[in-house]
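See below for the structure under consideration.
The values are calculated or read from the model by the stated rules, or taken from the named source; none is laboratory data. Treat the numbers as computed from the prediction; the structure is a model and nothing was measured. These area figures cover heavy atoms from the full protein model, side chains too; ligands, DNA and RNA do not enter into them. Shrake-Rupley method; radii C 1.70, N 1.55, O 1.52, S 1.80 Å.
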Amino acid sequence: AHKTGTLSVIRNDSGILYCSETSHVAVTTFTTWDAGSAAGDPIALDQKILTVDTAMGKIGLAVYEHFR
């Protein structure tokens, strides 16, 4: 279960990881980046978003694997 939040250079995600029958973990990530680094370049912006989303996914996976 999760809820994202996205504005311009901000990507956030909060969620509950159901690691096992008795282990549930709440995780929240907050991210931001320099808007000028991808200004006017949609490919660079897509790459920034992919990088941030991948990092948040890796954080969630690491938490899940630790508590399962």
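Annotations for the structure displayed:
- The accessible surface of the chain, taken with every protein chain in place and a 1.4 Å probe, is 61 percent carbon and sulfur.
- Heavy-atom surface of the chain, accessible at 1.4 Å and reported per residue (Å²): 72 Å²
- Per-residue ³J(HN,Hα) for region 11-23, Karplus 6.51 cos²θ - 1.76 cosθ + 1.60, θ = phi - 60°, Hz, x for Gly and Pro: 9, 10, 8, 10, x, 10, 9, 8, 7, 7, 4, 10, 10
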